[in-house]
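Everything on this sheet refers to the single structure shown next.
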Amino acid sequence: MEQLETLLKFFDLPEAERDYSVIGSFKPADAVGKCVYCNHCKPCPKGIDIGVVNKYYDLARNGDAMAKEHYLNLELHAADCIRCGHCSRRCPFGVDQMGRMEEIAGYFGR
């Protein structure tokens, strides 16, 4: 009951004060350090759609020929990352999104 009350208090907090790390306590071990496109990293102060950027990167690396085209058509790309760390701090799966943005920018060239 105590855990339930703790979780329910989360929804009463303003967006800026929500700590999404509680979600990490429910994650499967093999998801640690991997982007699952949950968008808990949002909002990106620069406006990058981090989940979509990661998704297109993963799809492209796995052979999806259309993923690169979709990525290149995004308004903002991984290279637009200002490395503020906001996304990495909010990620319940412990993904180093700043490092990932650098990797993705290198892969797609932007």
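What to note about this one:
- Tabulated pairs, region 7-18, first closer than 16 Å to LYS42 by Cα, second surrounded by fewer than 10 Cβ atoms within 10 Å (Cβ to Cβ) and at pLDDT 70 or above, C-beta under 9 angstrom, 6+ apart or interchain: ARG18/PHE11
- If you filter region 78-98 down to residues that are in contact with a Gly (Cβ under 8 Å, 6 or more places away or on another chain), among the hydrophobic types (A, V, I, L, M, F, W, C) and over 20 Å from GLU15 (Cα atoms), you find that the one that is surrounded by the most Cβ atoms within 10 Å (Cβ to Cβ) is VAL95.
- Test set (1) in a loop (DSSP other than H, G, I, E, B); (2) surrounded by 14 or more Cβ atoms within 10 Å (Cβ to Cβ) - GLY47 fails condition number: (2)
- Any pair with Cβ under 9 angstrom, 6 or more apart, that starts in region 58-74 at a residue that is surrounded by fewer than 16 Cβ atoms within 10 Å (Cβ to Cβ) and ends at one that is polar (S, T, N, Q) and part of a helix (DSSP H, G or I): none
For (1) closer than 30 Å to LEU4 by Cβ; (2) modelled with pLDDT of 90 or more, each residue gets a yes or a no:
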position: VAL22; (1), (2): yes, no
position: ASN39; (1), (2): yes, yes
position: PRO45; (1), (2): no, yes
position: VAL53; (1), (2): no, yes
position: ARG61; (1), (2): no, yes
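The values are calculated or read from the model by the stated rules, or taken from the named source; none is laboratory data. None of the values given here were measured: they were computed from a predicted structure. Backbone-built Cβ (ideal geometry, glycine too); neighbour counts: all protein chains shown.
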